[in-house]
1. Would you check which residues across region 112-131 are among the aliphatic types (A, V, I, L, M) and within 9 Å of C143 (Cα to Cα) and list them?
2. Please go through region 39-57 and give me each residue that is of a type outside the set (D, E) and either outside any helix (DSSP H, G or I) or under 18 Å from the mean Cα position of the chain (by Cα) (or both), ordered by number.
3. Scan region 83-95 and tell me whether some residue there is modelled with pLDDT under 90, part of a loop (DSSP other than H, G, I, E, B) and surrounded by 13 or more Cβ atoms within 10 Å (Cβ to Cβ).
4. Of the residues in region 133-149, how many are closer than 13 Å to F96 by Cβ, assigned to a helix (DSSP H, G or I) and either out of contact with any Asp or Glu (no Cβ under 8 Å at 6 or more places or on another chain) or acidic (D, E) (or both)?
5. Can you tell me how many residues within region 56-103 are β-branched (V, I, T) and touching a Ser or Thr at 6+ places or on another chain (Cβ under 6 Å)?
6. From D18, D55, D70, D51, which residue is among the acidic types (D, E) and within 30 Å of I164 (Cα to Cα)?
7. Looking at region 58-82 only, could you name the residues that are closer than 17 Å to A117 by Cβ, assigned to a helix (DSSP H, G or I) and open to solvent by 40 Å² or more (accessible area, probe 1.4 Å)?
Amino acid sequence: PIYPISVNVSRVTAVQPDFINFYVGNKKKYGVGDKFITIEFTESFAMENYDTISDIVNQLHENGILCSIDDFGSGYSSFNILKNITMDELKLDRFFLTRGFDQSRDDQLLKTMIELAKGFGMTVVQEGVETRDAFNKVVEYGCEVVQGYYYAKAIPLEEYKIFINTNTSIKYKSQVK
């Protein structure tokens, strides 16, 4: 079976002359369907290189590869990225789940960010989900994908295969139902 994968790329990797050909070539070589590969760009790279990343994203989209802004909220959090570059996914930094000085403000910010991204047609991923309360909150606010220790810690490939096929982890006894 083919499962969707996400690849986190550095700014150094993304600007290499063969960057796009590498991913498009491997997608074709292994017969991976459109929208099964997501390339994650850091928020800081996107902010520093609008023209470059916009061109890269357009070429990846033309070849059926999705694009994501990773760690949104960890740095400058420029809304210019959301406005000017058509991304498919917004990965909200764990910052959005940390406690600030006012819980109602924290919740409103998280809810608003999820609604904003969904309003742009983006899939929303919340990073750093480690508790049932955090999971319930982000799901209630409309987040479609969560990432974090709530499900499992990082695991070796062989254990991952079992985890995917059985919805449980041998070592970590995941909370996946």
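1. Within region 112-131, the first condition is being among the aliphatic types (A, V, I, L, M), and the residues that meet it are 113-114, 116-117, 122, 124-125, 129.
Selection gives I114, V124, V125.
2. If we filter region 39-57 for residues that are of a type outside the set (D, E), which is where we start, we get 39, 41-42, 44-47, 49-50, 52-54, 56-57.
Passing the criteria: I39, F41, T42, S44, F45, A46, M47, N49, I53, S54, I56, V57.
3. yes
4. Residues that pass the stated criteria total 2.
5. In the first step, residues of region 56-103 are kept if they are β-branched (V, I, T); the result is 56-57, 65, 69, 81, 85-86, 98.
Of the ones still in play, those that are also touching a Ser or Thr at 6+ places or on another chain (Cβ under 6 Å) are 85.
The total comes to 1.
6. Numbers: D18 fails: within 30 Å of I164 (Cα to Cα); D55 fails: within 30 Å of I164 (Cα to Cα); D51 fails: within 30 Å of I164 (Cα to Cα).
Answer to the selection: D70.
7. Listed by number, the residues that qualify are F79, N80.
The values are calculated or read from the model by the stated rules, or taken from the named source; none is laboratory data. The structure displayed is predicted, hence computed values, not measured ones. For neighbour counting, all protein chains shown are included, and Cβ atoms are generated from backbone atoms with ideal geometry for every residue, glycine included. To get the accessible areas, we keep the full protein, side chains included, count just its heavy atoms, and leave off ligands, DNA and RNA. Shrake-Rupley method; radii C 1.70, N 1.55, O 1.52, S 1.80 Å.
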